[in-house]
Amino acid sequence: MEYPSKLIENAVSEIAKLPGIGKKTALRLALNLLKEDKQYTQSLTLALDDLRNKIQYCKECQNISDTDVCNICASHRRDKSIVCVVEDTRDVIAIENTSQYTGLYHVLGGVISPIDGIGPSELTVELLIDRVKAENSEIKEVIFALSPTMEGDTTAFYLTKRLKEYNLKVTTIARGIPIGGELEYTDEITLGRSILSRTTYSQE
């Protein structure tokens, strides 16, 4: 693809690195930015810079946050006896949008996938165990809200073994979600019902 300007080419190249965006879409976005007021592009640049440099991860649940402890963990309205284990922040957002869950979360940062070189040590598993066994812990139930894939099931199986020694109820969301599907793409009604009708997790 030929570009009228090296600056346009550089912008398109960087925008196209975003997932789901090809060179043609990147070009349209770059040209659209040129039509906007300079104030808009400056605000966008500042927002992206703040996103990269000021974002934090909650020291309790590892969710993306603006502060040391996220709004969910800090809320007195949340049920601190239940922790929902998810793969990443997108899953937290998906579950929150159902308005059916009032407990806390734990973000693993991925799932166990040997083929991709991701083992338990690359995830926040130990932080979850530390939360469970802490002297002031109120946790009585751990919910696995992982995508129903081989990697998700492997992760749930491993976590169950690690949590076995603690006096906890271990459950998983109901399989109203298609096998092999991604949690973040599940509609809110189905996901909400899956949370409400969760079942005891079995390793069989």
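Quick notes on this one:
- Trypsin sites (Lys or Arg not before Pro) lying in DSSP loop within region 61-101, provided at most 11 other Cβ fall within 10 Å: Arg77
- Note on region 20-156: Rg/Rh from C-alpha atoms, Kirkwood Rh, equals 1.08.
- For the chain, calculated [θ]222 nm from helices alone, where every DSSP H run of n ≥ 4 adds -39500 (n - 2.57): -12500 deg cm²/dmol
- Considering only alpha-carbon pairs that sit under 8 angstrom and 6 or more positions apart, the relative contact order computed for the chain is 16 percent.
- Exposure proxy shown here: for Thr102, Thr25, the number of other Cβ atoms within 10 Å sets the order, fewest to most, as Thr102, Thr25.
- Residue by residue, region 87-98 carries 3J(HN,Hα) couplings of 6, 8, 4, 4, 6, 4, 4, 4, 5, 4, 5, 7 Hz when phi is fed to the Karplus relation 6.51 cos²θ - 1.76 cosθ + 1.60 (θ = phi - 60°); x denotes Gly or Pro.
- Ellipsoid equivalent to region 78-200 - semi-axes via the Cα gyration tensor, in Å: 20, 19, 12
- Region 65-124 and region 128-158 have Cα centres lying 10 Å from one another.
- Which of Ile55, Ile21, Ile115 has the fewest Cβ neighbours within 10 Å, and the rest in rising order: Ile115, Ile55, Ile21
- Loop-located GluC sites (Glu not before Pro) in region 3-73 whose Cβ has at most 15 other Cβ within 10 Å (DSSP): Glu36
- Rounded, prolate or oblate (a/c below 1.5 giving rounded, otherwise prolate when a/b exceeds b/c) for region 6-54 by Cα gyration tensor: oblate
- Reachable lysines from Lys169, criterion Cα separation under 20 angstrom, eight or more residues apart if same chain: Lys80, Lys133, Lys140, Lys161
Values in this text are rule-based calculations from the coordinates and carry no lab data. Owing to the predicted nature of the structure, the values given are computational and were not obtained by experimental measurement. Neighbour counts run over all protein chains shown; Cβ positions are idealised from the backbone, glycine included.
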